[in-house]
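Right, one structure below, let's go through it.
The values are calculated or read from the model by the stated rules, or taken from the named source; none is laboratory data. These figures come from a predicted structure and were not determined experimentally. We place every Cβ from the backbone using ideal geometry, glycine too, and count neighbours over all the protein chains shown. We work out accessible area using only protein heavy atoms, side chains counted, and drop any ligands, DNA or RNA first. Shrake-Rupley method; radii C 1.70, N 1.55, O 1.52, S 1.80 Å.
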Amino acid sequence: MGRLSVNLCGIELENPVIPASGTFGFGYEFAELYDINVLGTFSFKGTTREPRFGNPTPRIAECTAGMINAVGLQNPGVEKVLTEELPKLKACFRKPVMANVSGFSVEDYAYTVQKLDAEEQIGWFEVNVSCPNVHGGGMSFGTSPEAAAQVTAAVRGVTKKPVLVKLSPNVTDIVPIAKACEAAGADGVSLINTLLGMRIDLKTKRPVIANVMGGFSGPAILPVALRMVYQTAKAVNIPVVGMGGVGTAEDVIEMMLAGASAVEVGAANLTDPFACPKIIEALPKTMDRYGIKNLKDIIGGAFHG
Amino acid sequence: MKNVKFMIQSNLSLTASVYEMRLAGDTAGILPGQFVNVQVPGFYLRRPISVCGCEEGLLTLVYKTVGHGTEAMARMQPGDTPDLLTGLGNGYDLSKAGDAPLLIGGGVGVPPLYYTAKKLLERGVTPAVILGFNTKDEIFYENEFRALGCGVTVTTADGSYGVKGFVTDALPERYTYFYACGPKPMLKAVCAKTASGGELSLEERMGCGFGACMGCSIQTANGPKRVCKEGPVFKKEDLLWED
């Protein structure tokens with residue numbers, strides 16, 4: 001394998017760059033722009049048991065160095081994902097893909113994962129216990145170690161594929177939650193999901209987002225994400241996938257030094273559809289510049305000293 | 001969709017808050033009713049702007065300053081080279097026009113209809129045009145449409161110019177199909193009062209502009225659709241107006 005390659009829960013990735021769920025659809029829109037097989041993998045659109053329209057619009061607000069979204073997990077539901085989306089994905093992507101799954105009860109998660117499990121192309125499950133957009137939904141699982149562990153165990157029981165739990169940053173201490181997931185059988189954790197935020201329109205004096213609050217992402221959140229990846233990676237013995245504000249090859253390296261085994265790129269795909277291939281292309285030169293031979297050697301490099 | 005650097009040739013005000021930007025660059029494949037997504041220095045998200053004019057190598061955008069981003073766009077100078085995503089959205093289906101199409105534009109919804117008019121004329125049909133504004137000072141592009149040879153009716157809500165009232169107060173006797181763009185209340189009224197089939201271009205707050213983020217979804221008669229990808233142009237019968 002090349003100098004960019006990493007291993008994520010037993011599966012080799014050609015490089016650590018992974019478009020994050022909710023910013024990359026099911027891949028085929030981006031496949032019109034570039035060969036998406038250059039990616040390490042990608043995490044597909046958060047899938048739920050039933051179809052969801054999501055929240056009312058406006059769902060998007062701009063911020064300094066970032067954006068807020070309150071899409072609310074719009075997706076066609078697991079049945080249509082299986083019959084309509086995955087065949088299209090298969091036609092343009094030949095690597096194992098990461099299946100992002102959300103739910104509103106422990107049973108929902110297990111049901112959706114079980115449905116998807118037979119799909120050969122799914123390499124990993126990424127279980128979203130942290131989406132801040134859905135009232136009474138995902139948020140509650142990700143903010144309690146017990147609830148996060150329950151979801152992890154339920155999903156663990158229905159698949160032999162690697163299970164990554166995607167964690168919420170909207171908690172006092174992310175470490176006990178990550179540890180609870182590890183103890184419940186998670187093969188890895190990914191973090192951070194978006195930070196709960198809001199904007200107010202000065203003309204209307206009302207929140208910009210119809211749902212009032214939404215998830216804040218973009219370059220502004222990188223330092224928060226790095227801190228949480230660092231804290232988590234030091235505390236657990238399973239791989240951590242780092243994300244939050246990553247937009248450059250330097251950011252990827254910084255995430256890996258903080259302890260990430262692979263790195264997801266989210267909002268950057270929305271402002272520059274070519275963000276990921278640009279990052280991948282820039283990685284070797286950037287590694288040279290900082291004297292890095294192989295990316296896998298730098299994971300957690302910032303722990304010492 | 002294409003990712004293209006353009007060079008600004010001019011960026012001039014048409015009214016107190018409406019600007020016309022002409023840009024040189026690769027315009028191949030841009031259809032009437034489509035939009036571009038403009039990167040504005042200093043702003044995280046791009047600004048989606050409908051295509052007002054498009055010739056080989058020359059793009060015209062007419063936009064309204066509604067916030068800091070479009071205000072910054074208005075300050076961009078000739079020689080600046082903004083990064084654009086072009087060819088976004090579906091565009092108007094001109095094959096439906098018939099022999100007497102009608103273009104209905106309200107305020108900053110007028111620009112995409114100019115490129116549409118030009119393309120209809122290339123197809124040998126001359127559209128009738130209704131342009132609606134709040135007041136006389138806000139009128140733009142009336143003369144541009146007249147110069148194309150279109151019959152133009154201008155309405156103003158306050159009666160300061162043309163027909164007093166709304167675009168729906170000026171509907172002609174006969175038209176075969178309509179193409180509309182404007183504020184939501186206008187589009188709703190157009191759907192209710194037009195006798196023919198037609199297509200309407202919607203506006204929504206967007207994240208990416210190319211179908212990735214699902215930020216601009218609406219419910220339609222055929223299920224959820226993304227304004228940026230399956231739209232911004234929707235058929236009259238596809239739109240739901242329950243709110």
Under 7 Å between Cβ atoms, at least 6 apart or on separate chains: pull out the pairs that start in region B:36-47 with a residue that is at the interface with chain A (Cβ under 8 Å from one of its Cβ atoms) and end on any residue that is part of a strand (DSSP E or B) and surrounded by fewer than 19 Cβ atoms within 10 Å (Cβ to Cβ).
B:39/B:83; B:44/A:63
Please tell me if residue A:87 is away from every other protein chain (no Cβ under 14 Å) and free of Cβ contacts under 8 Å to residues at least 12 places away in the same chain.
yes
Can you confirm whether region A:90-101 contains a residue that is at pLDDT 95 or above and within 14 Å of chain B (Cβ to nearest Cβ)?
yes
Could you list, in sequence order, the residues of region A:260-277 that are open to solvent by 10 Å² or more (accessible area, probe 1.4 Å) and β-branched (Val, Ile, Thr)?
A:271
So, residue B:159, is that one out of contact with any Cys (no Cβ under 6 Å at 6 or more places or on another chain), in a loop (DSSP other than H, G, I, E, B) and small (Gly, Ala, Ser) or not?
yes
All strands (runs of 3 or more DSSP E) inside region B:191-243 with 1 or more residues being open to solvent by 60 Å² or more (accessible area, probe 1.4 Å) and away from every other protein chain (no Cβ under 12 Å):
B:233-235
Candidate set from region A:243-258 (those that are farther than 27 Å from residue B:47 by Cβ and in contact with a Pro (Cβ under 9 Å, 6 or more places away or on another chain)); member that is surrounded by the most Cβ atoms within 10 Å (Cβ to Cβ):
A:255
Would you tally the residues in region A:115-166 being at pLDDT 95 or above and hydroxyl-bearing (Ser, Thr, Tyr)?
2
What about residue B:180, is it in a strand (DSSP E or B), more than 11 Å from chain A (Cβ to nearest Cβ) and either of a type in the set (Gly, Ala, Ser) or surrounded by fewer than 19 Cβ atoms within 10 Å (Cβ to Cβ) (or both)?
yes
Every residue from region A:59-75 that is within 8 Å of chain B (Cβ to nearest Cβ) and among the small types (Gly, Ala, Ser)
A:61, A:65, A:66
Restricting attention to region B:1-47, which residues are charged (D, E, K, R), part of a strand (DSSP E or B) and touching a helix residue (DSSP H, G or I) at 6+ places or on another chain (Cβ under 7 Å)?
B:47
Evaluate region B:74-81: report whether one residue or more is open to solvent by less than 20 Å² (accessible area, probe 1.4 Å) and either assigned by TED's automatic domain parsing to the domain that holds residue B:204 or under 30 Å from residue B:170 (Cα atoms) (or both).
no
When you look at residue B:144, is it of a type in the set (Asp, Glu), within 14 Å of chain A (Cβ to nearest Cβ) and either open to solvent by less than 70 Å² (accessible area, probe 1.4 Å) or within 15 Å of the chain's Cα centre (by Cα) (or both), yes or no?
no
What helices (runs of 4 or more DSSP H) completely inside region B:61-149 contain at least 3 residues that are farther than 21 Å from residue B:216 by Cβ and touching a Cys at 6+ places or on another chain (Cβ under 9 Å)?
B:111-122
Number of positions in region A:216-250 that are among the basic types (Lys, Arg) and free of Cβ contacts under 8 Å to residues at least 60 places away in the same chain
1
Step by step: first the residues of region A:280-291, then only those that are in a helix (DSSP H, G or I) and open to solvent by 100 Å² or more (accessible area, probe 1.4 Å), then the one that is farthest from residue A:17 (Cα to Cα). Which residue is that?
A:289
(1) touching a Ser or Thr at 6+ places or on another chain (Cβ under 7 Å); (2) farther than 18 Å from residue B:52 by Cβ; (3) open to solvent by 50 Å² or more (accessible area, probe 1.4 Å) all hold for residue B:156 apart from (3)
Give region A:169-192 a look and list any residue that's of a type in the set (A, V, I, L, M) and either under 20 Å from residue A:244 (Cα atoms) or open to solvent by 30 Å² or more (accessible area, probe 1.4 Å) (or both), or say none.
A:171, A:174, A:175, A:177, A:178, A:183, A:189, A:191, A:192
How do the pairs read when you match residues in region A:38-58 that are free of Cβ contacts under 8 Å to residues at least 40 places away in the same chain and more than 10 Å from chain B (Cβ to nearest Cβ) with residues anywhere that are surrounded by fewer than 24 Cβ atoms within 10 Å (Cβ to Cβ) and part of a loop (DSSP other than H, G, I, E, B), using Cβ under 8 Å and keeping only pairs 6 or more apart or on different chains?
A:50/A:77
